[in-house]
Amino acid sequence: MLKGILSLFANKHVSHKSMSKVYSVAVYKSQVEERLLFNPLAQHTSGGSVATNKTIILTNDFEPGILGETLKHALKISETLDKWDGSLKDDLIQGGKVKNRSQFVRKFSLVSVTYFADKGIIKLTVNKKYKSSGFIAERNDPVFELSVESTDADLGNMLLQAFDLCI
């Protein structure tokens, strides 16, 4: 039976050239202090995304135009990294001023931002806390979409709205 199942996938090849270029940023907002962490992600060879060492930290300035500008800058960093090379490691624990991962999850909310280059669309996904180990986005969670041509203020306002829905 296993041999039959595996044969279903044997001739299925996904052309990486036909896949859309996607760039991502994980944006974390502290629930304790005025602090946002913009963490550009690089694509791992396995197909997933990996944190980088290029985190941008904003404190006390949550004006929508600045948030949108910072988010676009973080997406540009993700675009320039293209592939994860093993040397890129991020220390969100240090940037978040916390002692460990579970404390980070308790003190921060997450909005995942994805830029689909071929469509010119930026998608913001609200995430929920998953126990004390991380964050998760489920099928029915709110998702916001904007054109990459949107103003920085529109993008920043949408980011703030997404954070209002984080649990």
Distance in nm between pseudo-label sites at Asp164 and Ala137 (7 Å out along the Cβ direction from Cα): 2.0
Net length gained if the chain between Gln31 and Lys129 were fully extended (0.36 nm per residue, minus Cα distance): 34.0 nm
More than 13 Å apart - percent of Cα-Cα pairs taken over the range 105-162: 62
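Since every read-out is calculated from the coordinates, none of them should be taken as a lab result. This is a predicted model, so every value here is computed, not measured. So basically every Cβ, Gly included, is an ideal-geometry build from the backbone, and we count neighbours across all protein chains shown.
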